[in-house]
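Shown next, in structure tokens, is the structure this report addresses.
The values are calculated or read from the model by the stated rules, or taken from the named source; none is laboratory data. Computed from a predicted model, the values in this text were never measured in an experiment. When we count neighbours, we look across all protein chains shown, and the Cβ atoms used for this are built from the backbone with ideal geometry, even at glycine.
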Amino acid sequence: MSAPSAAKLPPFDPADPLGLDDLLGPEDLAIRDTVRAWAADRVLPHIAEWYERGELPVARELARELGGLGALGMSLTGYGCAGATAVQYGLACLELEAADSGIRSLVSVQGSLAMYAIHRYGSDEQKRRWLPAMAAGEIIGCFGLTEPDHGSDPAGMRMYAKRDGGDWVLNGRKMWITNGSLAGVAVVWARTDGGSGEGGDGGDSGDSGDIRGFLVPADTPGFSAPEIRHKWSLRASVTSELVLDDVRLPADAVLPGVTGLRGPLSCLSHARYGIVWGSMGAARASFESALAYAVSREQFGRPIGGFQLTQAKLADMALELHKGILLAHHLGRRMDAGRLRAEQISFGKLNNVREAIEICRTARTVLGANGISLEYPVMRHATNLESVLTYEGTVEMHQLVLGKALTGLDAFR
Ligand SMILES: Cc1cc2nc3c(=O)[nH]c(=O)nc-3n(C[C@H](O)[C@H](O)[C@H](O)COP(=O)(O)OP(=O)(O)OC[C@H]3O[C@@H](n4cnc5c(N)ncnc54)[C@H](O)[C@@H]3O)c2cc1C
């Protein structure tokens, strides 16, 4: 069969140079366009100001609107959740993070961490109590795993849940918790004095069998969530400490469906999958900003986009951006087919966040001095991605996951 003549081929589209939109169906495109339009209307006009102030002042309003769009717990089924495909959820993450990683973080923590934990491991009663209101954005959730002294190695956590008659009493602190001060319910992972002895996967090769998840309503006496200020990344996102001081919970506050680090790590896998897509949103916004600047900014009598060195930057950014989107799509299809392994999610998170941060930094150079201004999105995205590079497993943790999968040798400790 002869190759079609160039005249019959679709035109080259700088926004979709590989024709990846061909992989999407009408419903996928409709979801993507709806989320993109919402972000353009509700986030983009305000985000620079929120970022500069270090606040997300309308978080609750935005959460309700996102609930109305079906974006919260989007790929979960029942209990008011949209039942979207993994690819559709990924597309939404990309569009949200193209606006700001803080907005995508709000949605990821709500849907992939807090709601996912309840949906997968909760009792029917817990699901009915929390999920419909969380899907609607009326209740915001948070997910407390990290502690001041235990980040990459959560198996050593100190948060302790002690049985007292029929109740549980929790004591300890969690750190760096997204949505913490906004949350109506916190999913808190704690060590207990009894368990099945099963371990998790990834960096949790310690004895984690006694770790359990608890649903802590934020109005429980002894629970507080002071906000962490003075961040230079994810400034339009609420990050908090969780302090639990003799927090007494009824017996049915524990998630019955899981013991050990397998519980929180499975939730993290789901959230990391969203980041594989989301990080490409931050990269896309920065690339688009650099491309528009390159063809309009003139130096030495012509657009800087006409210089070979600038074109090399744009070409390399486009390569990594669209390879990253293709990778995200591939992983999404595997997730939809029930064939996506945690190691493959590590592959995607490690590659796409690392490449996204490089794209943002390169875009910053194309914009020259304007690159450091909040009038353009690139520096905001680059600094946001510093957090994304660290949370949901640092670069090094994902390298170790892949290293272990490739060699069969565990180098975590
Ligand atoms: C903005 C923001 C929001 C967050 N939101 C949440 C949230 O909602 N819920 C939650 O539970 N957590 C959250 N986190 C916490 C995040 O998951 C942790 O920061 C992350 O797991 C890393 O832990 P750490 O910061 O304690 O770093 P550490 O674990 O102390 O690591 C420090 C450095 O040492 C490296 N390192 C550690 N061990 C090894 C090893 N064996 N080999 C090689 N290198 C190693 C790490 O890779 C890293 O580079 C958030 C963090 C941020 C910044």
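Flag set for Trp50, criterion: surrounded by 15 or more Cβ atoms within 10 Å (Cβ to Cβ), in contact with a Pro (Cβ under 8 Å, 6 or more places away or on another chain) and on the phi < 0 side of the Ramachandran plot. Residues being within 29 Å of Leu29 (Cα to Cα), in a helix (DSSP H, G or I) and within 16 Å of the ligand (Cβ to nearest atom) are represented in the stretch 334-342 by at least one member.
In this structure, is Glu95 acidic (Asp, Glu) and more than 20 Å from Gly274 (Cβ to Cβ)? Lay out the reasoning, then the answer.
Numbers: acidic (Asp, Glu): yes; more than 20 Å from Gly274 (Cβ to Cβ): no.
Spelling it out, it is not the case that Glu95 is acidic (Asp, Glu) and more than 20 Å from Gly274 (Cβ to Cβ).
Of all the criteria given as (1) crowded, with 24+ Cβ neighbours inside 10 Å; (2) closer than 24 Å to Val276 by Cα, the one not satisfied by Val43 is (1). Does the stretch 310-325 contain any residue that is within 30 Å of Arg262 (Cβ to Cβ) and either assigned to a helix (DSSP H, G or I) or not charged (D, E, K, R) (or both)? Scanning the stretch 310-325 turns up at least one residue that is within 30 Å of Arg262 (Cβ to Cβ) and either assigned to a helix (DSSP H, G or I) or not charged (D, E, K, R) (or both).
Among the residues making up the stretch 321-334, a single one is under 30 Å from Ala48 (Cβ atoms) and surrounded by fewer than 16 Cβ atoms within 10 Å (Cβ to Cβ): Lys323. All told, Glu392 meets the bar of being in a loop (DSSP other than H, G, I, E, B), at pLDDT 95 or above, within 15 Å of the chain's Cα centre (by Cα) and closer than 29 Å to Ala236 by Cβ.
Condition check for Met74 on (1) in contact (Cβ under 8 Å) with a residue 40 or more places away in the chain; (2) not charged (D, E, K, R); (3) not in a helix (DSSP H, G or I): one failure, at (1). In the stretch 367-378, the qualifying residues are those that are outside any loop (DSSP other than H, G, I, E, B) and exposed (fewer than 15 other Cβ atoms within 10 Å of the Cβ), and the one that is nearest to the ligand (Cβ to nearest atom) is Ile372. Does the stretch 196-208 contain at least one residue that is within 16 Å of the ligand (Cβ to nearest atom), crowded, with 20+ Cβ neighbours inside 10 Å, under 30 Å from Leu400 (Cα atoms) and modelled with pLDDT of 95 or more? No, every residue in the stretch 196-208 fails to be within 16 Å of the ligand (Cβ to nearest atom), crowded, with 20+ Cβ neighbours inside 10 Å, under 30 Å from Leu400 (Cα atoms) and modelled with pLDDT of 95 or more. Listed by position, the helices (runs of 4 or more DSSP H) enclosed by the stretch 96-185 that each have at least 1 residues that are at pLDDT 95 or above and within 13 Å of the ligand (Cβ to nearest atom) are 101-108, 116-121.
Does Gly102 fit the bill of being at positive phi and not assigned by TED's automatic domain parsing to the domain that holds Gly278? Explain how you work it out, then say what you get.
Details: at positive phi: no; not assigned by TED's automatic domain parsing to the domain that holds Gly278: yes.
No.
For the residues Ala337, Ala342, Ala318, the requirement of being over 19 Å from Pro14 (Cα atoms), at pLDDT 95 or above, hydrophobic (A, V, I, L, M, F, W, C) and surrounded by 16 or more Cβ atoms within 10 Å (Cβ to Cβ) singles out Ala342. In the stretch 311-339, the residues that are outside the structural domain of Asp21 (by TED's automatic domain parsing) form Cβ pairs under 6 Å with partners that are among the acidic types (Asp, Glu), at six or more places apart or across chains, as follows: Glu320/Glu355; Gly324/Glu355.
Just name the residue that is surrounded by the fewest Cβ atoms within 10 Å (Cβ to Cβ) out of those in the stretch 379-413 that are hydrophobic (A, V, I, L, M, F, W, C) and near the ligand (Cβ under 8 Å from one of its atoms). Step through it out loud before you land on a result.
Narrowing the stretch 379-413 to residues hydrophobic (A, V, I, L, M, F, W, C): 379, 382, 385, 388-389, 395, 397, 400-402, 405-406, 409, 411-412.
Then keep just the ones that are near the ligand (Cβ under 8 Å from one of its atoms); that gives 395, 397, 400, 411-412.
Values: Val395: 14, Met397: 20, Leu400: 20, Ala411: 10, Phe412: 17.
Looking at the filtered set, the residue picked out is Ala411.
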